[in-house]
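Contents: one structure, followed by commentary.
The values are calculated or read from the model by the stated rules, or taken from the named source; none is laboratory data. Treat the numbers as computed from the prediction; the structure is a model and nothing was measured. Positions of Cβ are backbone-derived with ideal geometry, glycine not excepted, and every protein chain shown enters the neighbour counts. Protein only, heavy atoms only, side chains kept; ligands, DNA and RNA dropped before computing areas. Shrake-Rupley method; radii C 1.70, N 1.55, O 1.52, S 1.80 Å.
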Amino acid sequence: LPEVEGFRQEMGAVEFLASKLKEGHISVIALGPMTNLATLLEQDRVAFDQIEEFVSMGGTFKSHGNCSPVAEYNYWCDPDAAKVVYEAFESYPTLRQKQIHMIGLDVTREIVLTPNLVEYMTCLSEEMGNFIRNITRFYFDFHWKQEGVIGCVINDPLAVAYCIDHSLCKGFSAYTTVETAGISLGQTVVDAHDFWKKEKNSHILTETDPYRFMTFFITHIFGADASDVRHVLRQIMVEDAGKRVWMPKDEEDYVEMLKGDVVK
């Protein structure tokens, strides 16, 4: 990105969050560690209580971690902050009905940006396509070295897309906490079977549709026609190893998929 001359940010993140949330009707999409949000919770409960909806890209339910066998990076970075925020949604009456929508590795690993997809995006817009290529290059390298994946998992866009359209992901509600010590540092402990009988403070997303998400992503970012995008994606999004990816054959199929009537 080009340098911005003559600008200096005078307001800190916590102060900004407090002032913005008090305006009302504000949702939070947390795409990184929750340090600032935990600090806000400690310093200004009134502001934190105003959060309309809370979506967090972080954690994992059944999928393996990406910086330890069990921990996802964002929660691993500051597990204490994540634990404080999750506990708030369990213990504070004003937050109990809201829940944290956890977009963890279970669903984000379904969304893989491949070289073919990047090439297609560059055909739609050379400037934007090359920008996406440049900012994901290191991530392509990481996934190849660590997981043998040709492409990269684009976690954050799925969290943003879900905040816009909840039908892009499916999941279940449960009590969740975060481990803050030992070899399981940063692990999300999801009480999927209600063993502890605690307040369900989270909505754990476990399913998504890669084809539908990528159509959503490309039409919004590039302003492309949805029918044209679907036509191209049918050519370049192929079956994953051992798992069939359903592709709509025509417009009628796609409408049925949107209704949720299609069984994969």
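Here is how the numbers come out for the structure above:
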{"item": "Residue match in segment 157-180 (condition: without any contact (Cβ under 8 Å) to a residue 24 or more places away in the chain and assigned to a strand (DSSP E or B))", "result": "no"}
{"item": "Number of the exception - residue 162 against (1) in contact with a helix residue (DSSP H, G or I) (Cβ under 7 Å, 6 or more places away or on another chain); (2) among the aromatic types (Phe, Trp, Tyr); (3) open to solvent by 20 Å² or more (accessible area, probe 1.4 Å)", "result": "(3)"}
{"item": "First in segment 190-206 and among the aromatic types (Phe, Trp, Tyr), second anywhere and modelled with pLDDT of 95 or more and open to solvent by 70 Å² or more (accessible area, probe 1.4 Å), Cβ under 9 Å, 6 or more apart", "result": "none"}
{"item": "Qualifying position, being open to solvent by 10 Å² or more (accessible area, probe 1.4 Å), under 20 Å from residue 199 (Cβ atoms) and either modelled with pLDDT under 95 or not acidic (Asp, Glu) (or both), among 2, 69, 33, 93", "result": "93"}
{"item": "Given (1) closer than 15 Å to residue 188 by Cα; (2) under 13 Å from the mean Cα position of the chain (by Cα); (3) of a type in the set (Lys, Arg), index of the condition residue 109 fails", "result": "(1)"}
